[in-house]
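Trainee: This structure is in C-alpha coordinates; I'll ask about it shortly.
The values are calculated or read from the model by the stated rules, or taken from the named source; none is laboratory data. None of these values were measured; they are calculated from a predicted model. Quick reminder, even Gly has a Cβ in these numbers, built from the backbone with ideal geometry, and neighbours come from all protein chains shown. Side chains are part of the model used for accessible areas, which takes the heavy atoms of the whole protein and leaves out ligands, DNA and RNA. Shrake-Rupley method; radii C 1.70, N 1.55, O 1.52, S 1.80 Å.
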Amino acid sequence: MSGEIDAKPRRIRNISELAKLAGVSAGTVSRALAGKDLVNSQTRERIQALAREHGFRPNQMASRLRTGQTGVIGVVIPLGHEKKQHISDPFFMTMLGHLADGLTEVGYDLMLSRVIPSDGDDWLERIVDSGMLDGVVMIGQSDQFDTIERTAELYRPLVVWGTRRSGQRHCVVGTDSFVGGELAVRHLLARGRRKLAFFGDTKGLEIEQRLAGARSAIAQSGTGATLDIYPTHLSQQEMSEQIAADLDGMDPAIDGIFAASDVIAMGTLRLLHERGRKVPEDVAIVGFDDLPLATQTVPQLTTVRQDIAGGARTLVTSLLKRIAGDEVPSTVMTPSLVVRESA
(Lines give C-alpha, C1' and ligand atoms only; values in the text may rest on other atoms or scores of the structure.)
Protein backbone atom coordinates (compact mmCIF):
# COMPACT_ATOMS: atom_id res chain seq x y z
CA MET A 1 0.00 0.00 0.00
CA SER A 2 1.25 3.46 -0.85
CA GLY A 3 -0.26 5.00 2.28
CA GLU A 4 -1.82 7.81 0.23
CA ILE A 5 -5.41 8.83 0.92
CA ASP A 6 -7.67 9.89 -1.93
CA ALA A 7 -8.97 13.35 -1.04
CA LYS A 8 -12.30 14.45 -2.48
CA PRO A 9 -12.61 18.12 -3.42
CA ARG A 10 -14.04 20.19 -0.54
CA ARG A 11 -17.69 21.04 -1.09
CA ILE A 12 -18.27 24.74 -1.74
CA ARG A 13 -21.21 26.20 0.18
CA ASN A 14 -21.64 29.66 -1.31
CA ILE A 15 -20.54 32.09 -4.01
CA SER A 16 -18.04 33.82 -1.69
CA GLU A 17 -16.12 30.57 -1.12
CA LEU A 18 -16.09 29.82 -4.84
CA ALA A 19 -14.90 33.36 -5.60
CA LYS A 20 -12.02 33.00 -3.11
CA LEU A 21 -11.01 29.68 -4.66
CA ALA A 22 -11.14 31.11 -8.18
CA GLY A 23 -9.34 34.32 -7.21
CA VAL A 24 -12.09 36.59 -8.54
CA SER A 25 -14.90 38.69 -7.11
CA ALA A 26 -18.26 37.25 -6.05
CA GLY A 27 -19.92 39.34 -8.77
CA THR A 28 -17.73 37.73 -11.42
CA VAL A 29 -18.67 34.27 -10.14
CA SER A 30 -22.37 35.15 -10.20
CA ARG A 31 -22.15 36.43 -13.76
CA ALA A 32 -20.07 33.44 -14.88
CA LEU A 33 -22.52 30.91 -13.45
CA ALA A 34 -25.37 32.76 -15.18
CA GLY A 35 -23.49 32.46 -18.49
CA LYS A 36 -23.16 36.23 -18.90
CA ASP A 37 -20.95 37.49 -21.75
CA LEU A 38 -19.59 40.19 -19.41
CA VAL A 39 -17.13 37.54 -18.20
CA ASN A 40 -14.59 36.38 -20.81
CA SER A 41 -15.12 32.82 -21.97
CA GLN A 42 -11.91 31.43 -20.46
CA THR A 43 -12.68 32.76 -16.98
CA ARG A 44 -16.32 31.74 -17.28
CA GLU A 45 -15.42 28.16 -18.21
CA ARG A 46 -12.85 27.93 -15.38
CA ILE A 47 -15.35 29.11 -12.78
CA GLN A 48 -18.04 26.75 -14.05
CA ALA A 49 -15.57 23.84 -13.97
CA LEU A 50 -14.61 24.68 -10.37
CA ALA A 51 -18.28 24.81 -9.42
CA ARG A 52 -18.86 21.35 -10.88
CA GLU A 53 -15.72 19.95 -9.26
CA HIS A 54 -16.73 21.20 -5.82
CA GLY A 55 -20.43 20.34 -6.13
CA PHE A 56 -21.62 23.92 -5.97
CA ARG A 57 -25.12 24.76 -7.18
CA PRO A 58 -26.32 28.36 -6.97
CA ASN A 59 -29.20 29.03 -4.62
CA GLN A 60 -32.18 29.20 -6.97
CA MET A 61 -34.35 31.05 -4.48
CA ALA A 62 -31.74 33.77 -4.00
CA SER A 63 -31.31 34.05 -7.76
CA ARG A 64 -35.06 34.42 -8.22
CA LEU A 65 -35.22 37.09 -5.54
CA ARG A 66 -32.55 39.07 -7.36
CA THR A 67 -34.40 38.88 -10.69
CA GLY A 68 -37.84 39.46 -9.18
CA GLN A 69 -39.09 36.15 -10.63
CA THR A 70 -40.28 33.07 -8.78
CA GLY A 71 -40.32 30.49 -11.56
CA VAL A 72 -43.79 29.44 -10.38
CA ILE A 73 -47.15 29.67 -12.18
CA GLY A 74 -50.35 29.42 -10.20
CA VAL A 75 -53.02 27.12 -11.60
CA VAL A 76 -56.31 28.10 -9.97
CA ILE A 77 -59.63 26.22 -10.10
CA PRO A 78 -62.49 28.39 -8.76
CA LEU A 79 -65.56 26.51 -7.61
CA GLY A 80 -68.07 29.18 -6.65
CA HIS A 81 -70.96 27.45 -8.41
CA GLU A 82 -70.10 23.84 -7.49
CA LYS A 83 -68.37 23.70 -4.12
CA LYS A 84 -68.21 19.90 -3.90
CA GLN A 85 -66.52 19.33 -7.25
CA HIS A 86 -63.02 17.88 -6.94
CA ILE A 87 -59.76 18.27 -8.83
CA SER A 88 -60.03 14.56 -9.61
CA ASP A 89 -62.83 15.41 -12.08
CA PRO A 90 -61.71 13.92 -15.42
CA PHE A 91 -61.91 17.29 -17.21
CA PHE A 92 -59.69 19.01 -14.64
CA MET A 93 -57.19 16.13 -14.69
CA THR A 94 -57.00 16.18 -18.49
CA MET A 95 -56.47 19.94 -18.61
CA LEU A 96 -53.98 19.88 -15.71
CA GLY A 97 -51.90 17.22 -17.43
CA HIS A 98 -51.57 19.29 -20.59
CA LEU A 99 -50.86 22.50 -18.64
CA ALA A 100 -48.19 20.77 -16.55
CA ASP A 101 -46.48 19.49 -19.70
CA GLY A 102 -46.51 22.92 -21.31
CA LEU A 103 -45.34 24.90 -18.28
CA THR A 104 -42.60 22.55 -17.12
CA GLU A 105 -41.20 22.33 -20.63
CA VAL A 106 -40.46 26.07 -20.47
CA GLY A 107 -38.96 25.85 -16.98
CA TYR A 108 -41.84 26.73 -14.66
CA ASP A 109 -43.12 24.94 -11.59
CA LEU A 110 -46.84 24.80 -10.79
CA MET A 111 -48.69 25.82 -7.64
CA LEU A 112 -52.20 24.35 -7.68
CA SER A 113 -55.12 25.97 -5.84
CA ARG A 114 -58.72 24.75 -5.57
CA VAL A 115 -60.66 27.79 -4.37
CA ILE A 116 -64.14 28.00 -2.87
CA PRO A 117 -64.88 31.74 -3.24
CA SER A 118 -67.31 33.62 -1.07
CA ASP A 119 -69.45 36.52 -2.30
CA GLY A 120 -67.54 39.81 -2.43
CA ASP A 121 -64.30 38.13 -1.41
CA ASP A 122 -60.89 39.31 -2.61
CA TRP A 123 -59.62 35.74 -2.98
CA LEU A 124 -58.11 36.25 -6.45
CA GLU A 125 -56.43 39.54 -5.51
CA ARG A 126 -54.79 37.77 -2.56
CA ILE A 127 -53.46 35.03 -4.86
CA VAL A 128 -51.96 37.37 -7.46
CA ASP A 129 -50.55 39.73 -4.79
CA SER A 130 -48.88 36.92 -2.82
CA GLY A 131 -45.47 37.52 -4.41
CA MET A 132 -45.14 33.77 -4.95
CA LEU A 133 -46.13 33.64 -8.63
CA ASP A 134 -44.99 34.93 -12.00
CA GLY A 135 -48.45 34.44 -13.48
CA VAL A 136 -51.79 32.69 -13.09
CA VAL A 137 -53.79 30.28 -15.23
CA MET A 138 -57.40 29.80 -14.18
CA ILE A 139 -59.35 26.70 -15.22
CA GLY A 140 -62.89 27.99 -15.54
CA GLN A 141 -64.67 31.19 -14.59
CA SER A 142 -67.32 29.53 -12.40
CA ASP A 143 -69.65 32.32 -11.23
CA GLN A 144 -66.69 34.63 -10.60
CA PHE A 145 -66.70 36.70 -13.80
CA ASP A 146 -66.80 40.07 -12.01
CA THR A 147 -63.96 39.11 -9.63
CA ILE A 148 -61.78 38.02 -12.56
CA GLU A 149 -62.56 41.25 -14.43
CA ARG A 150 -61.61 43.38 -11.42
CA THR A 151 -58.30 41.57 -10.95
CA ALA A 152 -57.40 41.53 -14.64
CA GLU A 153 -57.64 45.32 -14.77
CA LEU A 154 -54.52 45.57 -12.58
CA TYR A 155 -52.78 42.21 -12.98
CA ARG A 156 -51.62 41.45 -16.51
CA PRO A 157 -50.11 37.92 -16.39
CA LEU A 158 -53.52 36.24 -16.01
CA VAL A 159 -55.19 33.93 -18.54
CA VAL A 160 -58.43 32.03 -18.08
CA TRP A 161 -59.98 28.94 -19.61
CA GLY A 162 -63.62 29.75 -20.23
CA THR A 163 -66.17 31.77 -22.19
CA ARG A 164 -65.59 35.17 -23.77
CA ARG A 165 -68.14 37.93 -23.31
CA SER A 166 -68.17 41.01 -25.51
CA GLY A 167 -66.05 43.81 -24.04
CA GLN A 168 -64.48 41.79 -21.24
CA ARG A 169 -61.01 42.73 -19.92
CA HIS A 170 -59.53 39.37 -19.00
CA CYS A 171 -57.79 37.18 -21.57
CA VAL A 172 -59.70 33.98 -22.12
CA VAL A 173 -58.98 30.81 -24.06
CA GLY A 174 -61.88 28.47 -24.63
CA THR A 175 -64.39 26.80 -26.89
CA ASP A 176 -67.47 28.47 -28.37
CA SER A 177 -69.94 26.70 -26.09
CA PHE A 178 -72.95 28.29 -27.81
CA VAL A 179 -71.94 26.75 -31.15
CA GLY A 180 -71.25 23.47 -29.36
CA GLY A 181 -74.77 23.42 -27.94
CA GLU A 182 -76.18 24.05 -31.40
CA LEU A 183 -74.12 21.19 -32.87
CA ALA A 184 -75.32 18.74 -30.23
CA VAL A 185 -79.03 19.48 -30.58
CA ARG A 186 -78.99 19.76 -34.36
CA HIS A 187 -77.52 16.26 -34.45
CA LEU A 188 -80.23 14.90 -32.16
CA LEU A 189 -82.90 16.56 -34.29
CA ALA A 190 -81.34 15.14 -37.46
CA ARG A 191 -81.64 11.69 -35.87
CA GLY A 192 -85.40 12.24 -35.55
CA ARG A 193 -85.45 13.03 -31.82
CA ARG A 194 -88.15 15.51 -30.85
CA LYS A 195 -88.56 15.34 -27.06
CA LEU A 196 -85.20 16.38 -25.66
CA ALA A 197 -83.71 16.96 -22.23
CA PHE A 198 -80.71 19.04 -21.13
CA PHE A 199 -78.67 17.83 -18.14
CA GLY A 200 -76.40 20.51 -16.68
CA ASP A 201 -76.07 23.27 -14.08
CA THR A 202 -76.18 26.63 -15.85
CA LYS A 203 -74.69 28.75 -13.02
CA GLY A 204 -71.32 28.43 -14.78
CA LEU A 205 -70.82 30.55 -17.93
CA GLU A 206 -69.78 27.73 -20.24
CA ILE A 207 -72.75 25.51 -19.45
CA GLU A 208 -75.10 28.49 -19.64
CA GLN A 209 -73.89 29.04 -23.21
CA ARG A 210 -74.29 25.36 -24.10
CA LEU A 211 -77.94 25.53 -23.07
CA ALA A 212 -78.43 28.77 -25.01
CA GLY A 213 -77.03 27.09 -28.13
CA ALA A 214 -79.32 24.10 -27.64
CA ARG A 215 -82.37 26.37 -27.40
CA SER A 216 -81.26 28.28 -30.49
CA ALA A 217 -81.00 25.08 -32.52
CA ILE A 218 -84.54 24.06 -31.57
CA ALA A 219 -85.94 27.53 -32.32
CA GLN A 220 -84.36 27.55 -35.76
CA SER A 221 -85.33 23.98 -36.62
CA GLY A 222 -89.07 24.47 -37.06
CA THR A 223 -89.57 20.89 -35.89
CA GLY A 224 -91.75 21.61 -32.87
CA ALA A 225 -89.21 19.80 -30.70
CA THR A 226 -89.20 20.47 -26.95
CA LEU A 227 -86.35 20.77 -24.45
CA ASP A 228 -86.78 20.03 -20.74
CA ILE A 229 -84.07 21.41 -18.42
CA TYR A 230 -82.61 19.35 -15.56
CA PRO A 231 -79.98 21.22 -13.49
CA THR A 232 -77.27 18.63 -12.79
CA HIS A 233 -74.47 18.85 -10.25
CA LEU A 234 -70.89 18.54 -11.48
CA SER A 235 -69.86 17.01 -8.15
CA GLN A 236 -69.63 13.28 -8.78
CA GLN A 237 -70.76 12.42 -5.26
CA GLU A 238 -74.11 14.13 -5.93
CA MET A 239 -74.38 13.66 -9.68
CA SER A 240 -75.49 10.01 -9.81
CA GLU A 241 -78.24 10.42 -7.23
CA GLN A 242 -79.58 13.50 -8.99
CA ILE A 243 -79.52 11.98 -12.48
CA ALA A 244 -81.24 8.85 -11.16
CA ALA A 245 -84.02 10.94 -9.64
CA ASP A 246 -84.39 12.97 -12.85
CA LEU A 247 -84.56 9.87 -15.05
CA ASP A 248 -87.21 8.37 -12.79
CA GLY A 249 -89.29 11.56 -12.81
CA MET A 250 -88.97 12.79 -16.36
CA ASP A 251 -91.39 12.24 -19.24
CA PRO A 252 -90.81 8.65 -20.49
CA ALA A 253 -91.32 9.93 -24.04
CA ILE A 254 -88.01 11.84 -23.94
CA ASP A 255 -85.86 10.31 -26.66
CA GLY A 256 -82.76 12.51 -26.69
CA ILE A 257 -80.47 13.91 -23.98
CA PHE A 258 -77.84 16.61 -24.38
CA ALA A 259 -75.49 16.38 -21.40
CA ALA A 260 -73.42 19.48 -20.58
CA SER A 261 -70.29 17.37 -20.00
CA ASP A 262 -68.99 13.93 -20.86
CA VAL A 263 -68.95 13.04 -17.16
CA ILE A 264 -72.70 13.76 -16.91
CA ALA A 265 -73.29 11.84 -20.14
CA MET A 266 -71.36 8.80 -18.90
CA GLY A 267 -73.29 8.73 -15.64
CA THR A 268 -76.54 8.98 -17.59
CA LEU A 269 -75.52 6.07 -19.84
CA ARG A 270 -74.96 3.83 -16.85
CA LEU A 271 -78.19 4.77 -15.09
CA LEU A 272 -80.28 4.29 -18.25
CA HIS A 273 -78.74 0.83 -18.63
CA GLU A 274 -79.72 0.01 -15.03
CA ARG A 275 -83.33 0.96 -15.90
CA GLY A 276 -83.43 -1.21 -19.00
CA ARG A 277 -83.43 1.78 -21.39
CA LYS A 278 -81.38 1.18 -24.54
CA VAL A 279 -78.97 3.77 -25.94
CA PRO A 280 -79.39 4.96 -28.64
CA GLU A 281 -82.53 2.97 -29.53
CA ASP A 282 -84.70 4.38 -26.73
CA VAL A 283 -82.70 7.48 -25.81
CA ALA A 284 -79.87 9.06 -27.81
CA ILE A 285 -77.17 10.86 -25.79
CA VAL A 286 -74.69 13.58 -26.76
CA GLY A 287 -72.01 14.77 -24.33
CA PHE A 288 -69.56 17.67 -24.35
CA ASP A 289 -65.72 17.69 -24.05
CA ASP A 290 -64.53 14.55 -25.87
CA LEU A 291 -62.50 13.33 -22.91
CA PRO A 292 -60.32 10.23 -23.47
CA LEU A 293 -62.92 8.29 -21.45
CA ALA A 294 -65.58 8.96 -24.11
CA THR A 295 -64.32 6.02 -26.16
CA GLN A 296 -64.37 3.67 -23.16
CA THR A 297 -68.13 3.64 -22.57
CA VAL A 298 -70.55 1.08 -23.96
CA PRO A 299 -71.87 2.35 -26.28
CA GLN A 300 -69.10 4.82 -27.11
CA LEU A 301 -70.11 8.41 -26.52
CA THR A 302 -71.15 10.86 -29.21
CA THR A 303 -69.88 14.22 -28.01
CA VAL A 304 -68.96 17.80 -28.85
CA ARG A 305 -65.19 18.00 -29.00
CA GLN A 306 -63.25 20.88 -27.56
CA ASP A 307 -59.49 20.78 -28.19
CA ILE A 308 -58.29 20.56 -24.59
CA ALA A 309 -54.65 19.89 -25.51
CA GLY A 310 -54.60 22.76 -28.02
CA GLY A 311 -56.34 25.02 -25.51
CA ALA A 312 -53.73 24.25 -22.85
CA ARG A 313 -50.93 25.08 -25.29
CA THR A 314 -52.61 28.39 -26.12
CA LEU A 315 -53.08 29.19 -22.42
CA VAL A 316 -49.34 28.68 -21.84
CA THR A 317 -48.31 30.66 -24.92
CA SER A 318 -50.66 33.52 -24.06
CA LEU A 319 -49.46 33.64 -20.46
CA LEU A 320 -45.79 33.74 -21.47
CA LYS A 321 -46.50 36.66 -23.80
CA ARG A 322 -48.38 38.52 -21.07
CA ILE A 323 -45.54 37.91 -18.60
CA ALA A 324 -43.25 39.50 -21.20
CA GLY A 325 -45.56 42.54 -21.29
CA ASP A 326 -47.28 41.86 -24.60
CA GLU A 327 -50.98 42.46 -25.18
CA VAL A 328 -52.68 39.17 -26.05
CA PRO A 329 -56.25 38.83 -27.33
CA SER A 330 -58.68 36.13 -26.27
CA THR A 331 -58.83 32.89 -28.26
CA VAL A 332 -62.21 31.32 -29.06
CA MET A 333 -61.90 27.83 -30.56
CA THR A 334 -64.51 26.23 -32.80
CA PRO A 335 -65.95 22.93 -31.49
CA SER A 336 -66.70 19.90 -33.64
CA LEU A 337 -69.15 17.01 -33.33
CA VAL A 338 -67.68 13.53 -32.87
CA VAL A 339 -70.33 10.95 -33.82
CA ARG A 340 -70.07 7.60 -32.08
CA GLU A 341 -72.58 4.96 -31.00
CA SER A 342 -74.63 6.78 -28.34
CA ALA A 343 -76.30 8.99 -30.95
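Trainee: Is it the case that segment 281-300 has a residue that's touching a residue at least 12 places away in the same chain (Cβ under 8 Å), among the polar types (S, T, N, Q), open to solvent by 10 Å² or more (accessible area, probe 1.4 Å) and outside any loop (DSSP other than H, G, I, E, B)?
Mentor: yes
Trainee: Follow-up question, since we're still on this one. Considering only helices (runs of 4 or more DSSP H) fully contained in segment 168-280, which possess at least 2 residues that are surrounded by 23 or more Cβ atoms within 10 Å (Cβ to Cβ), β-branched (V, I, T) and in contact with a strand residue (DSSP E or B) (Cβ under 9 Å, 6 or more places away or on another chain)?
Mentor: Per the criteria, 262-274.
Trainee: Among the residues of segment 301-343, write down those that are open to solvent by 50 Å² or more (accessible area, probe 1.4 Å), assigned to a helix (DSSP H, G or I) and within 18 Å of G174 (Cα to Cα).
Mentor: R313, T317, L320, K321
Trainee: Return yes or no: is R156 over 29 Å from V339 (Cα atoms), open to solvent by 10 Å² or more (accessible area, probe 1.4 Å) and not in a strand (DSSP E or B)?
Mentor: So R156 passes the test.
Trainee: Could you tell me how many of the residues in segment 105-129 are touching a residue at least 40 places away in the same chain (Cβ under 8 Å) and not in a helix (DSSP H, G or I)?
Mentor: Looking only at that region, the number is 1.
Trainee: Counting just the residues of segment 23-40 that are crowded, with 19+ Cβ neighbours inside 10 Å and among the aliphatic types (A, V, I, L, M), which one comes out nearest to the chain's Cα centre (by Cα)?
Mentor: Filtering segment 23-40 for residues that are crowded, with 19+ Cβ neighbours inside 10 Å and among the aliphatic types (A, V, I, L, M), the one nearest to the chain's Cα centre (by Cα) comes out as L33.
Trainee: So which residues in segment 83-98 are farther than 16 Å from P292 by Cα and either surrounded by fewer than 19 Cβ atoms within 10 Å (Cβ to Cβ) or at pLDDT 95 or above (or both)?
Mentor: If the condition is that a residue be farther than 16 Å from P292 by Cα and either surrounded by fewer than 19 Cβ atoms within 10 Å (Cβ to Cβ) or at pLDDT 95 or above (or both), then K83, K84, H86, I87 are the ones that fit.
Trainee: What's the number of the only condition in (1) farther than 17 Å from D176 by Cβ; (2) touching a Phe, Trp or Tyr at 6+ places or on another chain (Cβ under 9 Å) that E281 fails to meet?
Mentor: (2)
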